[in-house]
Amino acid sequence: MAAKWDGKSFPSFPAGCKSLLCKHLSKEMWEQLKDKKTKLGVGLAECIRSGVENPDSSCGVYAGDEEAYTLFGPLFDKVIEEYHGHKPSDTHKSDLNPANLKAPNPDPEGKYIVSTRVRVARSLRGYGLPGSCTKQHRLDLEARVREQLSSLTGDLKGTYHPLQGMPEDVAKKLIEDHFLFKKGDRFLESAGINRDWPEARGIYHNDNKTFLTWINEEDHTRIISMQMGGDIAQVFDRLCRAVNALSSKLEFQYNGHLGFLSSCPTNLGTGIRASVHIRIPLASQQPNFKEWCDQRNVQPRGIHGEHSESAGGVYDISNKQRLGISEVACIQQMYDGVKGLIEWEKSLEGK
């Protein structure tokens, strides 16, 4: 259980704390920013509480609303520059045109790639981000997103399932499909993101279960496209069609410096995480495996998420960069890395 912080005194961090918050929050910065409030009433304390109460955080800051990124810029700018290499003067660009992606299926026989998944985080303009969003705003937001999802047609047409009052058989099925999201961990708890759980949270999925939207989890929305196999271009095309349809009716929080805004600064920019589950039992055992991935801007991790180990040589490989490059460029980086990994694995099989 995270130790509570009063939010009024300069935070103290234990020796060995490695979070970006601990590294960049100085006493002078605290004095400069501690009494400022955004128009929606968000203060610095709300933005840093999670990292103070959980000193083992890697980042440690969550923006309470859109304005927090500028009002508390002296802190956020430093965190963003260290994490993304994105300077305060840098700009972001967006490209959700799937025709610009060059990604023929790298594994048409299905020998290596188990599944492909691409998700984006999107926040609605006019509302606090989940850490400070009021109960009424969360309900309004759910109703607005739900209405637009219900208007989707063709292969995006589907069903919305509110978490509150969800029938047991529906919950069981969604858990089996790995669709159901749970109440957030202690990091999100300290950030205020779990308030009024599970009210105004829900999951939408299409009939084929290849398109999914989470409402009011860590971000206002997480829009997800996925399917078995390695047709990365098809997964991205579906995602683009869904995001473009929703953004024609809903205004998302976006600016030319940080791109699409999200609760956690690590998700800024495209807000995209593109990943495949891939069988690479030989390549993954090579001593330079992680270094090889780093050089190509892809991130390997176990298939059960961050900090998990691989199971049977299957790894989750995803894009590392999110900010300062477009969605197409993010997917292209992941695709090129995956294609290279398959070629590496094949060369090792021949030995």
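Of the conditions (1) aliphatic (A, V, I, L, M); (2) assigned to a loop (DSSP other than H, G, I, E, B); (3) crowded, with 20+ Cβ neighbours inside 10 Å, ILE48 fails just one. Which one is it?
Only one criterion in (1) aliphatic (A, V, I, L, M); (2) assigned to a loop (DSSP other than H, G, I, E, B); (3) crowded, with 20+ Cβ neighbours inside 10 Å is unmet by ILE48, namely (2).
Which of the following residues is without any contact (Cβ under 8 Å) to a residue 40 or more places away in the chain and under 30 Å from TYR315 (Cβ atoms): ALA15, ALA99?
Just one listed residue meets the conditions, ALA99.
Could you go through region 55-68 and let me know if any residue there is out of contact with any Phe, Trp or Tyr (no Cβ under 9 Å at 6 or more places or on another chain), under 28 Å from GLY230 (Cα atoms) and of a type in the set (Asp, Glu).
No, there is no match, as no residue in region 55-68 is out of contact with any Phe, Trp or Tyr (no Cβ under 9 Å at 6 or more places or on another chain), under 28 Å from GLY230 (Cα atoms) and of a type in the set (Asp, Glu).
Filtering region 168-193 down to residues that are within 22 Å of ALA143 (Cβ to Cβ) and modelled with pLDDT of 90 or more, which residue is surrounded by the most Cβ atoms within 10 Å (Cβ to Cβ)?
Per the criteria, the residue is ILE193.
Quick check on region 187-196. Is at least one of its residues of a type in the set (S, T, N, Q), without any contact (Cβ under 8 Å) to a residue 24 or more places away in the chain and in contact with a helix residue (DSSP H, G or I) (Cβ under 7 Å, 6 or more places away or on another chain)?
Within region 187-196, one or more residues are of a type in the set (S, T, N, Q), without any contact (Cβ under 8 Å) to a residue 24 or more places away in the chain and in contact with a helix residue (DSSP H, G or I) (Cβ under 7 Å, 6 or more places away or on another chain).
Any idea which of (1) in a loop (DSSP other than H, G, I, E, B); (2) open to solvent by less than 60 Å² (accessible area, probe 1.4 Å); (3) of a type in the set (Gly, Ala, Ser) is the one GLY165 doesn't satisfy?
(2)
In region 51-87, how many are open to solvent by less than 50 Å² (accessible area, probe 1.4 Å), among the polar types (S, T, N, Q) and part of a helix (DSSP H, G or I)?
0
Of the numbered conditions (1) within 27 Å of THR134 (Cβ to Cβ); (2) open to solvent by less than 40 Å² (accessible area, probe 1.4 Å), CYS22 satisfies every one except a single condition; which is it?
(1)
Quick test for you: out of TRP5, TRP30, pick the one residue that is of a type in the set (Phe, Trp, Tyr), at pLDDT below 95 and open to solvent by less than 50 Å² (accessible area, probe 1.4 Å).
That would be TRP5, the only listed residue that is of a type in the set (Phe, Trp, Tyr), at pLDDT below 95 and open to solvent by less than 50 Å² (accessible area, probe 1.4 Å).
Could you list, in sequence order, all residues of region 6-16 that are under 20 Å from PRO74 (Cβ atoms) and in contact with a Pro (Cβ under 6 Å, 6 or more places away or on another chain)?
PHE13
Mind checking which residues of region 100-150 are touching a Leu at 6+ places or on another chain (Cβ under 7 Å), open to solvent by 20 Å² or more (accessible area, probe 1.4 Å) and among the small types (Gly, Ala, Ser)?
Within region 100-150, just SER132 meets the criteria.
Scan (1) under 25 Å from VAL328 (Cβ atoms); (2) assigned to a loop (DSSP other than H, G, I, E, B); (3) touching a Pro at 6+ places or on another chain (Cβ under 7 Å) for the single condition LEU96 breaks and write down its number.
Against the list (1) under 25 Å from VAL328 (Cβ atoms); (2) assigned to a loop (DSSP other than H, G, I, E, B); (3) touching a Pro at 6+ places or on another chain (Cβ under 7 Å), LEU96 comes up short only on (3).
Of everything in region 197-226 that's in a strand (DSSP E or B) and of a type in the set (A, V, I, L, M, F, W, C), which residue is nearest to CYS133 (Cα to Cα)?
Only one residue tops the list, namely ILE215.
Hey, among PRO287, PRO281, PRO265, which residue is out of contact with any Lys or Arg (no Cβ under 7 Å at 6 or more places or on another chain) and within 30 Å of GLN164 (Cβ to Cβ)?
On inspection, the qualifying residue turns out to be PRO265.
Go through (1) farther than 22 Å from ARG144 by Cα; (2) of a type outside the set (Gly, Ala, Ser); (3) open to solvent by 40 Å² or more (accessible area, probe 1.4 Å) and name the single condition ASP196 misses.
Answer for ASP196: the failing condition is (1).
The values are calculated or read from the model by the stated rules, or taken from the named source; none is laboratory data. This is a predicted model, so every value here is computed, not measured. All Cβ positions, glycine included, derive from the backbone under ideal geometry; neighbour counts span all protein chains shown. In case anyone asks, the SASA skips ligands and DNA or RNA and just uses the protein heavy atoms, side chains included. Shrake-Rupley method; radii C 1.70, N 1.55, O 1.52, S 1.80 Å.
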